[in-house]
């Protein structure tokens, strides 16, 4: 099973000065985090496009292109690209460039994104939300299928046999559909023949099992090959040496982030009590010791059959050293435990 | 056993539908226009419920949950729901929804549910189930009398409709707090203290009353 990290490029607080780092430094921190993730053997790093002063990773492909030059094996992905407010031609060109520079390690996850800051920034209307997403996804998939593209729609000028380059050596880029769990999105992924990536940020992740089944059924009915029917999961997570310390260390950052988002969206920040519930057992926050997190990933794998699980760790001003330590523990401690448990499970006779 | 209609099979609609099935109600779920594989969606995400048309729901449902995003409440035709009890579970979240068409030229003093009521004047609208997240719906329901039972408010201009919705809430696992008129439901909106917070009956009533006293 693949394990990894995703980030929105959140500003870290410098523990010495007590100040938040600059957005430029946050960008360099993000590159360092990708390099460390690759070094410790993680499989995946995703950057979620955001356009806020607190989360300045607005140009994911540019950061990933830099990462391509300083990493060896890790998949370099968007998680997600806010496709509705971007030009699919440009998105493809940028990620195909990352793919070339990384020798075939680029992926795109296309999604709506949970924030809508990019709509006014690029001059789009939220009233066109559904149409923009559907059309731009259609165009992106058309570009991925053929170098020369003929396409017309209402959200972008038409293309007539237009070459879109560079082309990936593998022929096409892996493009995932990102969703927060609306059932129709799982259907859409299956109908489009795409792998699906679930962002699960609350509730009990195992409750996504019916959605994965919905996706797989739709994909099979649509004629997708079994090997292409893939599910990945992104979750908030943080790993420390022991469970209690991890939960105590992560709490102020989680509370801080939820407080900021809550004040923007009109809900109260979570109480410690509900945090402790969410950060254990079957909850959505994968915060704990390497052993706890490995066990929870394996348990969720039993419910969802996902082939990749990646974690957002850098919430609410988390110092860079803390983030890097958590990434290191995910690679060096959690991954071997997960591999071992899944190998053991696979080795057992059926019905055991 | 009652028949419950659910308009919208998204995250909120399917969560409420599951609670209603668990409570033993018959549940009819109506798709968004153009939805594909809808019977499959219902079969897997709300086992026991049935995919239905708006007309079937209008004929059969004791109450109907309007579980579509606030920006899309004007796309649902409720002509056949005259006098029917309709629960508005939507919220206007400007950072996410922007300014949808329903708000253009609207009186800024009105709550989102009052706008929904004006849009659909024939229905008996009850604001409820908007102030807790869909994740919480799956996890926070509890049997009547449980010490940690979460409370959910109802607000509507028809006392009998409020009572019907309150009884539904009790069946699906929540203590109902009747705030009275639809306009009183303004205290349940995003940005208010009740929104998104785990509250029990007394606390919900106190928070709602406090807001009214301060106003």
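Read the figures in this text as sums done on the coordinates, not as results from a lab. It should be emphasised that the depicted structure is a prediction, and the values quoted were computed from it without experimental measurement. Cβ coordinates were reconstructed from backbone atoms using ideal geometry, including for glycine residues, and neighbour counts include every protein chain displayed.
Here r is the Cβ-Cβ distance between residue A:152 and residue B:147 and R0 is 51 Å; the resulting FRET efficiency, rounded to 0.05, is 0.25. Across chain A, the relative contact order, built from alpha-carbon pairs under 8 Å that are at least six residues apart, equals 20 percent.
Relative to one another, the C-alpha centroids of the stretch A:1-59 and the stretch B:4-54 are positioned 40 Å apart. Counting only DSSP H runs of at least 4 residues, each contributing -39500 (n - 2.57), and dividing by the residue count of the protein assembly as shown, the helix-based mean residue ellipticity at 222 nm comes to -12500 deg cm²/dmol.
From the alpha carbon centroid of the stretch A:89-125 to that of the stretch A:270-299 is 31 Å. In units of the rule-of-thumb radius 2.2 N^0.38 Å, the stretch A:1-126 shows an alpha carbon radius of gyration of 1.05. Among A:145-156, A:9-20, A:188-199, A:129-140, the peptide with the highest mean count of other Cβ atoms within 10 Å heads the list, and the full ranking is A:188-199, A:129-140, A:9-20, A:145-156.
Cβ-to-Cβ counts within 10 Å put A:292, A:344 in ascending order as A:344, A:292, the fewest first.
Put in order of Cβ neighbour count within 10 Å, fewest first, the listed residues B:93, A:254 become B:93, A:254. Rg and Dmax of chain A, both derived from C-alpha coordinates alone, stand at 19.7, 59 Å.
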